[in-house]
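To keep things clear, I will list the structure first and then write my remarks on it.
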Amino acid sequence: MTHAEHGARAGRGGRGRRRRGEQAMVPEARFTSYYGLPVLNPPVWKPLDIAGYLFLGGLAGGSSLLAAGAHATGRRELARTAKVGALGAISLSLAALVHDLGRPARFLNMLRVAKPTSPMSMGSWLLFGYGPLAGAAAVTEMTGRFRRLGALATAGAAVLGPAVATYTAVLVCDTAVPSWHEGYRQMPFLFAGSGAAAAAGLGLVFAPAEPARRAAVLGAAAELGMTRLMKRRMGLAAEPLEQGKAGRLMRVCEALTAAGAGLAALPGTVRSRVLSAAAGAALIAGSAALRFGVFHAGVASAQNPEYTVVPQRQRLNDREFPAARHG
Amino acid sequence: MSFAPHLVFGGRLAGDPDAMTETGERPRVGFFTDTSVCIGCKACEVACKEWNAIPEDGLLLTGMSYDNTQGLGADTWRHVAFIEQRKPVDVFQAAGQADAGSKLVDGAGPELRWLMASDVCKHCTHAACLDVCPTGSLFRTEFGTVVVQEDICNGCGYCIPACPYGVIDQRKGDGRAWKCTMCYDRLGAGMEPACAKACPTDSIQFGPLDELRERAEIRVRALHDAGQPEARLYGHDPGDGVGGVGAFFLLLDEPEVYGLPPDPVVTTRDLPSMWRHAAAAAVAMAAGVAACFLRTGRRPR
Ligand code: SF4
Ligand code: SF4
């Protein structure tokens, strides 16, 4: 007969205790679970819908920023690409969100209340404001009519766009899922960088221009740097980002983003359609891989009781033996 | 569907159950589950399923002692856990084993100790599920409990990973989120919840939360005096990470042995900080992209 599962490995695990370099004076965080079953109920969100939603939100938000910059500096081709890209991305992301609901016909219940304690409620209202602006910006750009209105919509979308790109980080972090919640300080910056890189990538593919090239390098650098910083600060919860499917996706993200940024950094890239398209495609794919990696890491961390129990046990021990921690 | 203005400002502000008690409307009610007298009969599981007309969700043999239910979910609102341990069973035996500690290993030494515990939704004071629900479907009742309004839930699934205890879940084929209502219908009619009614040993006690907390303190002291130092209360402390729960427990081992988190914290406690970080990131993103257009001049194309 199997009894409750015991193990001491994670209590000693390098990451769990790296924070303060505490030594053996604190009793071991012994890991016990109920037959190895998860403590949490893992998310039921469908990976394609919700990871896709995170990615598309970043792409849309970043594109609206690029669109406004291109609009203001008279880069018609880049402005058009970014505006149409933003509208396309936000429409798809909305479709993914509705598709993921258990009761899609009740989607509008999202607008029944406005709750600051619910990132999904805030996000719904944000999309409710941003969507029409992105739409108006794209349609006026394509038709060439109502230019004044189009300029206003472009500016409005650029104001809300960055919020669309970063609120999705709050959306996933505001859960009990260890590998999401523990990253809440870095995740918004990570998503901001990743969104900017994806949007710049789109620009490089369809309308190579100097600002897109710069945004690509800057966004990719933020994406890569923030991933590292986040993993370093997350303690034990960083582990799922390095293992299994999530780990593979994160490595793909790193490789593609680094390659895309490297290509974009070459001064001649904007003059070569082939080179900039390759750089852009790598950045877009890298950004998508990041969201899928983060998504799967979260699910994996919720499925394993270790990631829930060990840090909490450690916290209790630290509280019980505060002297030992600093001793 | 009605618009509920009292929910507009979010669950925490509008639905603080302790504040409600202070206004003297109605006492907050709850469960005190004393696992030390649970006999593992599962009457609570059955009564809950019957009263709430919860669909059958598969029958399987898990090999986990007598537990074929496994955990709480959309179709299990009471779950009886079974843990088999080799530990001293009672005072006399504990005394007898005191100088024979080396024998405390599997297969030798003391008898089998069987822990049983009926788990349920904690009806948290600071309930993450309620906080994050974007539709206002989850709400705080006049009894201080947390309930899903199934006619409003759109199955967004946000409450599920938000709950630090793994209680609420999505019902397959239905799409909406379901969990214990503390028999909201029975409470309204002045009756106690079905599980408490059915429990033959009074392991599940229902009543005003203040009274239950006092009763629990007395019980845990009595167990300590009787030589069970491992008896402890779980979830009774209003100072814990979820502000104390409405359904608390007396346990005979660490919470994680029963599949409960040892130090749960409501995720929304960090939400103000999350919003601040997101706002800073949004500003940084806008500034960063704007900087990419500097000194590139106007270049009409
Ligand atoms: S235990 Fe989970 S489902 Fe129950 S009230 Fe607390 S957060 Fe909500
Ligand atoms: S699944 Fe239903 S109850 Fe849960 S957060 Fe979404 S709308 Fe609210």
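Observations on the model:
- Within the range A:30-45, residues that are at the interface with chain B (Cβ under 7 Å from one of its Cβ atoms) and in contact (Cβ under 8 Å) with a residue 40 or more places away in the chain have Cβ atoms under 7 Å from residues that are among the acidic types (Asp, Glu) and open to solvent by less than 20 Å² (accessible area, probe 1.4 Å) in these pairs: A:Thr32/B:Glu256; A:Ser33/B:Glu256; A:Trp45/A:Asp100, counting only partners at least 6 apart in sequence or on another chain.
- Residue within the range A:114-133 that is away from ligand 2 (no atom under 16 Å from the Cβ), more than 21 Å from the chain's Cα centre (by Cα) and among the charged types (D, E, K, R) present: no
- Where a residue in the range B:138-160 is at the interface with another protein chain (Cβ under 9 Å from one of its Cβ atoms) and its partner, wherever it lies, is within 13 Å of ligand 1 (Cβ to nearest atom), with Cβ under 6 Å and at least six apart: B:Ile152/B:Ser137; B:Cys153/B:Ser137; B:Cys153/B:Ala177; B:Gly157/B:Gln170; B:Tyr158/B:Val132; B:Ile160/A:Asn41; B:Ile160/B:Ile168; B:Ile160/B:Asp169
- Any hit, the range B:287-295, residues being of a type in the set (Lys, Arg), within 12 Å of chain A (Cβ to nearest Cβ) and either in contact with a Gly (Cβ under 8 Å, 6 or more places away or on another chain) or open to solvent by less than 20 Å² (accessible area, probe 1.4 Å) (or both): no
Quick grid of which residues meet (1) away from ligand 2 (no atom under 16 Å from the Cβ); (2) within 14 Å of another protein chain (Cβ to nearest Cβ); (3) out of contact with any Pro (no Cβ under 6 Å at 6 or more places or on another chain); (4) closer than 22 Å to A:Thr32 by Cβ:
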{"residue": "B:Glu211", "(1), (2), (3), (4)": "yes, no, yes, no"}
{"residue": "B:Glu217", "(1), (2), (3), (4)": "yes, no, yes, no"}
{"residue": "B:Gln228", "(1), (2), (3), (4)": "yes, no, yes, yes"}
{"residue": "B:Ala231", "(1), (2), (3), (4)": "yes, no, yes, yes"}
{"residue": "B:Asp253", "(1), (2), (3), (4)": "yes, yes, yes, yes"}
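- Restricting A:Leu236, A:Leu229 to those that are more than 8 Å from every other protein chain (Cβ to nearest Cβ), outside any loop (DSSP other than H, G, I, E, B), in contact with a Gly (Cβ under 9 Å, 6 or more places away or on another chain) and touching a residue at least 24 places away in the same chain (Cβ under 8 Å) reduces the list to A:Leu236.
- Residue within the range B:223-238 that is within 20 Å of the chain's Cα centre (by Cα) and closer than 15 Å to B:Ser118 by Cβ present: yes
- All positions within the range A:164-196 that are surrounded by fewer than 24 Cβ atoms within 10 Å (Cβ to Cβ) and in contact with a Gly (Cβ under 7 Å, 6 or more places away or on another chain): A:Glu182
- In the range A:86-103, residue nearest to ligand 2 (Cβ to nearest atom) [restricted to those that are within 14 Å of chain B (Cβ to nearest Cβ) and open to solvent by less than 60 Å² (accessible area, probe 1.4 Å)]: A:Gly102
- Hits in the range B:161-188 (condition: on the phi < 0 side of the Ramachandran plot, more than 12 Å from ligand 2 (Cβ to nearest atom) and within 10 Å of chain A (Cβ to nearest Cβ)): B:Pro164, B:Tyr165, B:Lys172
- Look at the range A:112-125: where a residue is facing chain B (nearest Cβ under 7 Å) and a partner is assigned to a helix (DSSP H, G or I) and basic (Lys, Arg), sitting 6+ places away or on another chain with Cβ atoms under 7 Å, you get A:Thr117/B:Arg12.
- Criterion (touching an Asp or Glu at 6+ places or on another chain (Cβ under 9 Å), surrounded by 24 or more Cβ atoms within 10 Å (Cβ to Cβ) and modelled with pLDDT of 95 or more) met by exactly one of A:Lys46, A:Lys83: A:Lys83
- Just one of the listed residues (A:Gly298, A:Gly235, A:Gly247, A:Gly225) is under 20 Å from the mean Cα position of the chain (by Cα) and crowded, with 24+ Cβ neighbours inside 10 Å, namely A:Gly298.
The values are calculated or read from the model by the stated rules, or taken from the named source; none is laboratory data. Bear in mind the structure is a predicted one, so any value in this text is a computation, not a measurement. As a convention, Cβ positions derive from the backbone with ideal geometry for all residues, glycine included, and neighbour counts pool all protein chains shown. Surface areas here come from the heavy atoms of the whole protein model, side chains and all, with no ligands, DNA or RNA. Shrake-Rupley method; radii C 1.70, N 1.55, O 1.52, S 1.80 Å.
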